[in-house]
Amino acid sequence: MRKTKCVKVLGWRWRRNELRRHSDAVEAWIVLAAWAFATAGGAVAGVAGAQAVANAQARDGAERRPATAVLLRTVPRGARAAADHNRVRAEVRWTDAQGTVRTATADVKAGTAAGGTVTVWTDGNGHLVDEPASPAVATARTVLAGTGTGLAGGLFVLAGGRLIRLRVERRATDRWGEEWELTGERWGRKAG
């Protein structure tokens, strides 16, 4: 038996053809509109997401202030260090902007002697916070957030277009079945 090759004809839903149903043209318009809205909506969502992350990082960076703290106990060199740059948690003391003496644990370099000074970062209330992100890290976070938000927004629109298209296909198939029932009665046979 000889195989037949299925050839896809681009734009067949747009061409005039007696076999083309109205639902074929409707599906083509749905696909076109879904891709257009997904592209535009994804771009707008991406820019909005990137702007929101950039604003949040700028606000965090503006609220954080460096302070000089004194290490209360010596951290031995053999202390169990975290994966980030040979740093360990140790107790430090500092004076905040209001003049209050505070004590907490902070990341310090392993091997630092008691009485040594370290730089810590505080928020507006004088509590310890993480160091603000570097410009490179902040840019990477902004780009990733914008890209992720844009992709999610575009995929959401495409999924909605797909659901609408499935609904149109289901209605067209139901109508086709009804018409086939009428044709079968005219021929004197029952379909199915």
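The values are calculated or read from the model by the stated rules, or taken from the named source; none is laboratory data. Since we're looking at a predicted model, the values are computed, not measured. Ideal geometry is used to build each Cβ from the backbone, glycine not excepted, and the neighbour counts take in all protein chains shown. Quick note on the areas: whole protein, heavy atoms, side chains included, nothing else; ligands and nucleic acids left out. Shrake-Rupley method; radii C 1.70, N 1.55, O 1.52, S 1.80 Å.
Here GLY78 clears all of (1) modelled with pLDDT of 80 or more; (2) more than 18 Å from ASP130 (Cα to Cα) except the condition numbered (1).
Return the total of residues in the range 19-77 being hydroxyl-bearing (Ser, Thr, Tyr) and either in a loop (DSSP other than H, G, I, E, B) or in contact with a Phe, Trp or Tyr (Cβ under 8 Å, 6 or more places away or on another chain) (or both). Working first, answer last.
So in the range 19-77, the residues hydroxyl-bearing (Ser, Thr, Tyr) come out as 23, 39, 68, 74.
Still in the running and either in a loop (DSSP other than H, G, I, E, B) or in contact with a Phe, Trp or Tyr (Cβ under 8 Å, 6 or more places away or on another chain) (or both): 68, 74.
Residues flagged as hydroxyl-bearing (Ser, Thr, Tyr) and either in a loop (DSSP other than H, G, I, E, B) or in contact with a Phe, Trp or Tyr (Cβ under 8 Å, 6 or more places away or on another chain) (or both) within the range 19-77 amount to 2.
Pairs are defined by a Cβ separation below 6 Å, a sequence spacing of at least 6 or placement on different chains, a first member in the range 160-179 that is closer than 23 Å to THR39 by Cα, and a second member that is among the hydroxyl-bearing types (Ser, Thr, Tyr); the pairs so defined are VAL168/SER23.
Condition check ((1) touching a residue at least 40 places away in the same chain (Cβ under 8 Å); (2) open to solvent by 50 Å² or more (accessible area, probe 1.4 Å); (3) more than 29 Å from ASN55 (Cα to Cα)) across all residues:
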{"site": "VAL101", "(1), (2), (3)": "no, yes, yes"}
{"site": "ASP107", "(1), (2), (3)": "no, yes, no"}
{"site": "ALA145", "(1), (2), (3)": "yes, no, no"}
{"site": "GLY184", "(1), (2), (3)": "no, no, yes"}
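If I filter the range 126-142 for residues that are more than 30 Å from ALA54 (Cβ to Cβ) and either at pLDDT below 80 or open to solvent by less than 30 Å² (accessible area, probe 1.4 Å) (or both), do I get at least one hit? Working first, answer last.
We begin by selecting, within the range 126-142, every residue more than 30 Å from ALA54 (Cβ to Cβ); these are none.
No, the range 126-142 contains no residue that is more than 30 Å from ALA54 (Cβ to Cβ) and either at pLDDT below 80 or open to solvent by less than 30 Å² (accessible area, probe 1.4 Å) (or both).
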